[in-house]
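Working notes for the structure below.
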Amino acid sequence: MYTSFIQFTPATHVRRSRLLPVVGTVMVRQGQKVNAEDILAEATVPTHHELVDVVRVFGLSGPKAAESLIQRKVGEILGEHDIIAETGGIFSRVIRTPAPGKIISIHDGQVLIQTETKNISLEARYSGTIAEIINNRGAVIETTASIIQGAWGNKKFAAGPLLCKAETTSAVLASADFEITARGSIIASATCNDEKMLDLAATLPVAGLILGTMPFSLLEKALSQPYPILLTEGFGRSGMNSAALKMLSLYNNHEVALDAGLENGSIQSRPEALVYAPVDERNIVIQSRVTAGQMVRVHTAPYLGQTGTIEKIIPGLTALPNGLRVCAASVIMDNKERKIIPIFNLDVIGFAQPTSG
Amino acid sequence: MSPANQEAYSVMALDIGTVHTRALLFEIVEETYHFIAAGVAPSTTELPQNDIGIGVQIAIRDLQNLTGRILLNQQGSLIIPCQMNGEGIDRIFITYSVGRRLAIATFGLMSDVSLQSINKLASTVTGQIVESISLNDPRTIHEQIDDTLNAHPDLILFAGGTDRGASRSVKKMANLIAAILQLMPKSARPPVVYSGNLLLAKPVQETLDAFTVFSNTGNVRPNMENEEIDQAAEELAKVVTTLRYEEIDGLKQLTPLCNDSPCPSAIAIGRITRFLSKVRDPEKGVLSIDLGAASTITASAVAGELNLNVLPVGSAQGFEKFLKATPFSEISQWFPTGTNFEEAREQLWQKTLFPASLPMTVEALSVEHSAYRQLLRYIMRELAARGALAENGYETILCSGAALTQSGSPRQLLKMLLDGIQPQGISTFILDSHSILPTLGAIARTLPLLPVQVLESSAFTNLATVISTDSNLRIGSQILHAHLQTSDGKTTEVIVKQGTLAVIPLRTGESATLDLELNRGVQVESFELQDTHFKVNGGLCGLIIDARGRPIRLPKNPAIRGELLGRWDSMLAPK
């Protein structure tokens with residue numbers, strides 16, 4: 001039996017790919033060390049085009065007739081008011097370019113001109129070493145970091161030092177957590193129940209927030225914040241699971257890259273916090289196949305955000321109090337209580353290769 | 001052709017969904033095909049597995065465990081064909097609904113003619129129309145080009161011109177598409193599917209072939225009066241499957257084992273629904289609803305005329321889109337009294353983060369069922385807006401997908417389906433608890449006998465026959481008198497009042513004759529019921545008379561509404 005998995009892992013070798021949304025020029029080489037703000041690649045993106053239909057404007061019989069009248073070639077650069085096509089003769093008629101640009105194609109009597117472009121550049125975002133070049137698109141960066149995966153993020157990115165403010169799995173983010181030394185940091189707490197705290201974080205400003213849970217009523221406010229917010233558990237007030245909190249406490253003051261689910265090229269990444277740290281020898285690889293003895297996190301009420309260890313997988317189907325018959329496991333929770341939980345409500349804590357994003 | 005001639009004693013179908021992968025086994029038992037069992041595994045399309053083959057292997061092993069049949073050899077490969085000792089299988093088919101929504105750009109000549117038809121074709125695949133351009137588009141040409149480029153389409157569908165109709169406009173549109181394609185990097189150019197004027201297929205191909213992969217289907221609008229979507233949808237499915245090979249790791253590797261190319265579940269369900277509509281009451285339709293995790297497939301067919309739609313809402317990954325599009329009050333109106341609204345809202349949004357999660361408490365299950373009810377309302381409204389519903393209602397309503405077939409007791413499921421679908425006239429609800437429906441459609445092309453025989457078997461569950469009345473009489477007024485006589489002579493008399501639900505016990509496999517005496521002002525069918533004496537079949541929940549009217553109107557006052565929902569609930573409870 002397989003289920004989903006979640007990564008709250010001690011530091012290990014991590015690879016993350018960074019891609020341009022379009023073809024461009026890669027500016028780094030394999031083996032090069034990069035900082036988060038370094039530019040990996042650049043591209044020019046066309047933003048505006050004009051299509052000039054020579055056949056229609058001159059009222060010609062067809063594309064063949066237009067061919068001899070078009071004065072330009074593909075790839076030519078056009079200045080303001082440059083002539084594209086001309087009928088010739090005493091009363092010659094001309095077609096001028098509607099804007100300066102570059103001729104992209106001439107096809108069936110139609111001239112396609114790229115008239116506006118914009119330059120985009122791709123930041124490394126992660127400090128590390130270039131492990132691989134992806135031709136014309138970007139690169140893969142390798143670093144050593146602990147991974148704390150999230151359930152939800154507000155699709156923003158930032159980096160900064162980690163300040164773990166939670167001492168318990170139910171600690172509530174409070175105004176006292178935003179002292180001046182927290183400016184520019186990524187604050188971690190178990191839960192936040194007050195939207196004013198999200199605004200307060202923006203005014204300080206913090207670099208980002210890592211929370212266990214947040215009530216759904218704060219969603220719009222969280223989406224509108226300029227900084228990234230990551231929830232390790234999801235929506236509610238139950239707080240943060242003990243494995244994630246332990247990890248965050250362990251790496252207090254370490255530098256963090258907080259990706260709250262930004263798009264990377266065309267790939268939507270899962271929200272995560274990478275906490276830079278040297279490789280931890282205790283690191284173990286765990287597959288997501290569910291077996292007895294594995295540490296799991298529950299992601300569904302009424303045990304949302306609680307962790308425990310699988311005692312056994314119950315054979316066949318188990319009837320829940322609501323009558324549903326499901327594949328379930330007997331889980332010894334951290335408080336030593338035994339609970340029967342559907343396997344689909346569990347995440348195996350650990351990670352599985354490959355870890356490249 | 002007999003099964004023996006086809007040498008297909010044992011047939012396996014793999015159904016690869018967003019959440020689950022199923023391996024279904026069909027075999028000849030006493031000269032007819034029967035559904036034997038289904039092995040199930042979580043789909044393994046995402047990290048860490050990222051290969052559907054792993055989920056397929058686990059599902060087949062599960063099937064082996066269930067049946068005791070050996071299907072895989074020691075290397076883990078399928079044994080094909082079936083051996084003398086009974087090991088292995090003879091045929092294998094694949095259906096799939098997994099895959100992200102494709103971004104589709106549609107091009108047509110007139111917005112209310114060919115563009116409408118091509119958009120209808122687009123709605124038969126798991127996708128979303130990101131750009132639509134017609135000759136009467138108010139934007140300038142360069143705006144049309146830039147908007148299409150910014151929409152990053154995965155697929156371009158192009159219709160235009162009735163057969164032997166306008167040619168210049170089609171060529172003009174083909175040139176526009178050519179211009180757009182030239183501005184895209186070669187590796188990112190979407191394939192173009194042309195479904196327009198057949199006489200122009202060749203020149204259009206000549207214009208576009210140089211830039212991208214070009215396919216030609218039949219004309220979706222051969223003349224102004226008629227639309228022909230079905231054949232084009234089958235052709236389009238092949239193009240979509242080719243796109244999916246690039247996206248879904250493992251799909252292409254499985255294909256050589258199959259006896260037909262992998263078939264999108266929507267196309268397969270469409271085929272079976274169309275077939276059933278041909279063999280059933282030509283006045284009424286057959287409706288199939290497959291509420292999947294990421295999307296919902298609906299196939300509505302009357303006398304062979306199919307209307308197929310893949311809607312971007314579902315019970316798991318597609319749940320977020322539904323929640324965003326639906327005021328919470330429309331969901332909460334179905335909550336039982338005492339439900340904590342804030343907790344309920346959080347539960348539903350949490351499900352968007354963990355789509356496969358299951359409700360663990362009675363309250364949580366009620367909340368989830370309330371959401372599914374409203375999700376079905378959303379689907380029915382959407383179908384009505386697209387003109388995709390049969391005028392005279394449905395004789396058969398086939399329900400597939402775990403949310404509709406496995407998320408509760410038969411009575412809970414029936415309540416959800418009645419409130420959500422709100423059928424009209426006389427309908428039989430059939431549950432496809434093993435998700436067989438798409439696989440039958442995929443197999444139908446090469447083994448047509450198998451689906452026919454399996455449909456006649458007990459592979460599907462008859463949930464209930466429902467008679468829905470329509471009346472303007474006051475709540476509590478007597479509206480009909482029903483007299484049921486079973487084949488063994490037992491009779492049941494029921495008087496039904498406006499605003500109530502009545503249950504007449506009639507077990508699965510039993511049939512009976514039903515006489516209805518309708519009071520003045522009461523209708524059962526939208527057309528005049530000629531005969532009020534007819535045969536009905538039993539089901540898990542028996543025969544239901546739903547006299548709550550259409551649409552069901554719930555009181556605004558929460559206390560009164562909660563009391564009414566509780567009363568309806570108890571009316572359906574077994575006596």
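Bear in mind that the values in this text are calculations on the coordinates, not laboratory data. Owing to the predicted nature of the structure, the values given are computational and were not obtained by experimental measurement. Backbone-built Cβ (ideal geometry, glycine too); neighbour counts: all protein chains shown.
Kindly write out, for the range B:83-90 in residue order, the coupling ³J(HN,Hα) from the Karplus curve 6.51 cos²θ - 1.76 cosθ + 1.60 (θ = phi - 60°), rounded to whole Hz, with x marking Gly and Pro.
Here the 3J(HN,Hα) series is 8, 4, 7, x, 6, x, 9, 9 Hz.
Give me the Kirkwood hydrodynamic radius of the range B:102-244, using the inverse of the mean 1/r over all pairs of distinct Cα atoms, in Å to one decimal. Walk me through the numbers on the way to the answer.
On the way: mean 1/r = 0.0687 Å⁻¹.
Evaluated on the range B:102-244, it is 14.6 Å.
Can you show me the helix-derived [θ] at 222 nm for chain A, built from DSSP H runs with n ≥ 4 at -39,500 (n - 2.57) apiece and divided by the number of residues, rounded to the nearest 500.
Numbers: 5 runs with 34 residues, N = 357.
Taken over chain A, the calculation gives -2500 deg cm²/dmol.
Would you kindly derive the ³J(HN,Hα) couplings of the range A:317-327 from the backbone phi angles with the Karplus curve 6.51 cos²θ - 1.76 cosθ + 1.60 (θ = phi - 60°), listing them in order in whole Hz, with x for Gly and Pro?
9, 10, 7, 8, x, 8, x, 5, 10, 9, 6
For chain B, what does the equivalent ellipsoid look like in terms of its semi-axes, each the square root of 5 times an eigenvalue of the Cα gyration tensor, given largest first in whole Å?
On the way: eigenvalues 322, 187, 119 Å².
Over the Cα atoms of chain B, the ellipsoid semi-axes are 40, 31, 24 Å.
For n ≥ 4 DSSP H runs only, could you compute -39500 (n - 2.57) per run for chain B, divide by its residues and tell me the 222 nm figure to the nearest 500? Can you show the working numbers first?
Working: 18 runs with 195 residues, N = 575.
Mean residue ellipticity, 222 nm, calculated: -10000 deg cm²/dmol.
Which ordering of B:His34, B:His533 is given by a fewest-first count of other beta-carbon atoms within 10 Å?
Working: B:His34 17, B:His533 9.
So the ranking, lowest neighbour count to highest, is B:His533, B:His34.
Which pairs break 32 Å Cα to Cα here: A:Lys73/A:Lys155; A:Lys73/B:Lys171; A:Lys102/B:Lys171; A:Lys155/A:Lys196?
Numbers: A:Lys73/A:Lys155 44 Å; A:Lys73/B:Lys171 23 Å; A:Lys102/B:Lys171 25 Å; A:Lys155/A:Lys196 20 Å.
Checking Cα-Cα distances, A:Lys73/A:Lys155 exceed 32 Å.
Output wanted: per-residue J couplings in Hz (rounded whole) for the range B:92-109, from phi through Karplus 6.51 cos²θ - 1.76 cosθ + 1.60, θ = phi - 60°, x for Gly and Pro.
Rounded to whole hertz, the list is 9, 9, 10, 10, 8, 10, 5, x, 5, 5, 6, 7, 10, 9, 10, 10, x, 7.
Give the Debye-formula value of log10 I(q)/I(0) at each listed q (0.15, 0.24 Å⁻¹), with one equal scatterer per alpha carbon of the range B:435-482, two decimals each.
Normalising to I(0) and taking log10 leaves -0.58, -0.92.
What nm value, rounded to one decimal, do you get for the distance between A:Asn193 and A:Met333 when each label is placed 7 Å out toward the C-beta?
Reported label-point gap for A:Asn193 and A:Met333 is 1.9 nm.
Rounded to whole Å, give me the distance from the Cα center of the range A:12-81 to that of the range B:298-329.
39
Over 18 Å between Cα atoms: which of A:Lys156/A:Lys221; B:Lys415/B:Lys535; A:Lys165/A:Lys246 fall into that group?
Numbers: A:Lys156/A:Lys221 14 Å; B:Lys415/B:Lys535 23 Å; A:Lys165/A:Lys246 12 Å.
Check vs 18 Å cut-off fails for B:Lys415/B:Lys535.
What is the calculated FRET efficiency for B:Thr140 to A:Gln32, with r their C-beta to C-beta distance and R₀ = 60 Å, to the nearest 0.05? Kindly include the intermediate steps, with their values, before the conclusion.
Working: r = 45 Å, r/R0 = 0.75.
The pair B:Thr140/A:Gln32 has a calculated efficiency of 0.85.
If R₀ is 45 angstrom, what is the calculated FRET efficiency for the pair B:Asn73 and A:Lys118, using the beta carbon separation as r and rounding to 0.05?
Details: r = 57 Å, r/R0 = 1.27.
With R0 = 45 Å, the Cβ-Cβ based efficiency is 0.20.
Quick one: if the Förster radius is 30 Å, what FRET efficiency do B:Ala559 and B:Ser477 give, using the C-beta to C-beta distance and rounding to 0.05? Show your work: numbers first, answer last.
Details: r = 24 Å, r/R0 = 0.80.
Step by step, r from the Cβ atoms, then E = 0.80.
Can you give me the pair-distance distribution of the range A:121-236, C-alpha pairs, 10 Å bins, whole percents?
Going from the shortest bin to the longest, the percentages are 13, 43, 27, 14, 3.
If you build the convex hull over the alpha carbons only and average its shadow over all orientations, what do you get for the range B:3-96? Give it in nm² to one decimal.
Details: hull surface 24.5 nm².
Over all viewing directions, the range B:3-96 projects a mean Cα-hull area of 6.1 nm².
No solvent, one uniform scatterer per C-alpha: report log10 I(q)/I(0) for chain A via the Debye equation at q = 0.07, 0.13 1/Å, two decimals.
Results for chain A at q = 0.07, 0.13 Å⁻¹ read -0.46, -0.98.
Hey, what does the equivalent ellipsoid look like for the protein assembly as shown, semi-axes from the Cα gyration tensor as sqrt of 5 times each eigenvalue, largest first, whole Å?
Numbers: eigenvalues 437, 339, 160 Å².
Result for the protein assembly as shown: semi-axes of 47, 41, 28 Å.
Report the net charge of residues surrounding B:Lys202, where surrounding means a beta-carbon distance below 14 angstrom and charges are Lys +1, Arg +1, Asp -1, Glu -1. It would help to have the intermediate numbers written out before the result.
Working: positive: B:Lys171; negative: B:Asp163, B:Glu206, B:Asp209.
Taking every other residue near B:Lys202 into account, the sum is -2.
Within chain A, what percent of beta bridges assigned by DSSP are antiparallel, to the nearest 5? Don't skip to the end; give the middle numbers.
Values: 80 of 97 bridges.
Within chain A, antiparallel bridges account for around 80 percent of the total.
To check you understand DSSP bridge types, tell me what percent of the beta bridges within the protein assembly as shown (both residues inside) are antiparallel, rounded to 5. Display every interim value, and only then the final one.
On the way: 144 of 200 bridges.
In the protein assembly as shown, DSSP labels about 70 percent of beta bridges as antiparallel.
Among the lysines, which fall within straight-line cross-link reach of A:Lys312, defined as a Cα-Cα distance under 18 Å, with same-chain neighbours fewer than 8 residues apart omitted?
Filter leaves A:Lys336, A:Lys339.
How are the C-alpha pair distances of the range A:65-161 spread across 5 Å bins, as whole percents from the shortest bin up?
Going from the shortest bin to the longest, the percentages are 2, 9, 14, 12, 10, 7, 5, 7, 8, 8, 7, 5, 3, 1, 1, 0.
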